[in-house]
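Asker: Dumping the structure here so I can ask a few things about it.
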Amino acid sequence: MAKVVIFGVLDTAELAHFYLTHDSEHEVVAFTVNQEYLKEVEFKGLPVVPFETVETIYPPQEFKFFAPMTGRKMNKNREKVYLDAKAKGYEFISYVSSKATLFNNPIGENCFILEDNTIQPFTTIGNNVVLWSGNHIGHHGQIKDHVFFTSHIVLSGHCVVDSYCFFGVNSTIRDYLHIAEGTLVGMAAAVVKSTEPWGVYMGNPAEKKPVPSHKVY
């Protein structure tokens, strides 16, 4: 059991608090946000403290950290908080739902794996990965760091998913594919061939779409 500080006070942080409280041995003791977003000093009956000085109030020698953030800016926002908290000396927990199906899969730190995920044997999960509810993660695969799966995604066997990828709801990935760094797979897309870095793939079969130069995703 660890005493845990959660980053954020929006929906994902509230969900993390719920899951950790009702489905883990950890104890949530506080929340933290960047000073500019600190509007209230209490959330869910617990203190909210500035991230800039969190280590002076909840020292990393005594407390652990959890940053269960969304996939905005292709997971770069979550990566920054993850790296900043590591620089402060924090170790991270991961949350894996008791209602997920696993087979002793290696799972990194700061992962948020919700209910009804099936992770088949011989697949590994890196650091700072989010698997929302109801995904099928096939056997003999590898998911690297800073990846976000929404819900009801099928990742078939022997796939390698590089960092910073994002998968939309109901997307499907054929077996033996390499999903390159920064790939965005659209909702209900069916990916049947390996992708190129920082591409947006939509449709069935999925095709790479042009991204306007001003678009930040």
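The values are calculated or read from the model by the stated rules, or taken from the named source; none is laboratory data. None of the values given here were measured: they were computed from a predicted structure. When we count neighbours, we look across all protein chains shown, and the Cβ atoms used for this are built from the backbone with ideal geometry, even at glycine.
Asker: Name the residue, out of 133, 163, that is surrounded by fewer than 18 Cβ atoms within 10 Å (Cβ to Cβ), within 13 Å of the chain's Cα centre (by Cα) and among the hydroxyl-bearing types (Ser, Thr, Tyr).
Answerer: Going through 133, 163 in turn, just one is surrounded by fewer than 18 Cβ atoms within 10 Å (Cβ to Cβ), within 13 Å of the chain's Cα centre (by Cα) and among the hydroxyl-bearing types (Ser, Thr, Tyr): 133.
Asker: Next question, about the same structure. Filter region 33-71 down to residues that are assigned to a loop (DSSP other than H, G, I, E, B) and not hydroxyl-bearing (Ser, Thr, Tyr), then give me how many there are.
Answerer: Summing the residues that are assigned to a loop (DSSP other than H, G, I, E, B) and not hydroxyl-bearing (Ser, Thr, Tyr) in region 33-71 gives 16.
Asker: Oh, and also: Restricting to region 72-89, give me the number of residues that are out of contact with any helix residue (DSSP H, G or I) (no Cβ under 9 Å at 6 or more places or on another chain), of a type outside the set (Lys, Arg), in a helix (DSSP H, G or I) and surrounded by 20 or more Cβ atoms within 10 Å (Cβ to Cβ).
Answerer: 2
Asker: Being part of a helix (DSSP H, G or I) and small (Gly, Ala, Ser): is that true of residue 30 here?
Answerer: So residue 30 fails the test.
Asker: Separate question: Quick check on residue 157: is it within 17 Å of residue 102 (Cβ to Cβ), modelled with pLDDT of 95 or more and either in a loop (DSSP other than H, G, I, E, B) or among the hydroxyl-bearing types (Ser, Thr, Tyr) (or both)?
Answerer: Yes.
Asker: Here's something else I'd like to know. For region 191-213, which positions are surrounded by fewer than 17 Cβ atoms within 10 Å (Cβ to Cβ), modelled with pLDDT of 95 or more and of a type in the set (Gly, Ala, Ser)?
Answerer: Hits for region 191-213 are 194, 203.
Asker: Would a scan of region 146-168 turn up a residue that is in contact (Cβ under 8 Å) with a residue 24 or more places away in the chain and in contact with a helix residue (DSSP H, G or I) (Cβ under 6 Å, 6 or more places away or on another chain)?
Answerer: Yes, the conditions are met somewhere in region 146-168.
The rows are residues; the columns are (1) in contact with an Asp or Glu (Cβ under 9 Å, 6 or more places away or on another chain); (2) closer than 18 Å to residue 86 by Cβ.
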{"site": "2", "(1), (2)": "yes, yes"}
{"site": "8", "(1), (2)": "yes, yes"}
{"site": "21", "(1), (2)": "yes, no"}
{"site": "25", "(1), (2)": "no, no"}
{"site": "35", "(1), (2)": "yes, no"}
{"site": "42", "(1), (2)": "no, no"}
{"site": "48", "(1), (2)": "yes, no"}
{"site": "55", "(1), (2)": "no, yes"}
{"site": "59", "(1), (2)": "no, yes"}
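Asker: How many residues, within region 162-184, are under 17 Å from residue 123 (Cβ atoms), part of a loop (DSSP other than H, G, I, E, B) and of a type in the set (A, V, I, L, M, F, W, C)?
Answerer: Total meeting the criteria: 2.
Asker: State whether one or more residues within region 102-111 are touching a residue at least 40 places away in the same chain (Cβ under 8 Å), on the phi > 0 side of the Ramachandran plot and either surrounded by 18 or more Cβ atoms within 10 Å (Cβ to Cβ) or not assigned by TED's automatic domain parsing to the domain that holds residue 151 (or both).
Answerer: Checked region 102-111: at least one residue is touching a residue at least 40 places away in the same chain (Cβ under 8 Å), on the phi > 0 side of the Ramachandran plot and either surrounded by 18 or more Cβ atoms within 10 Å (Cβ to Cβ) or not assigned by TED's automatic domain parsing to the domain that holds residue 151 (or both).
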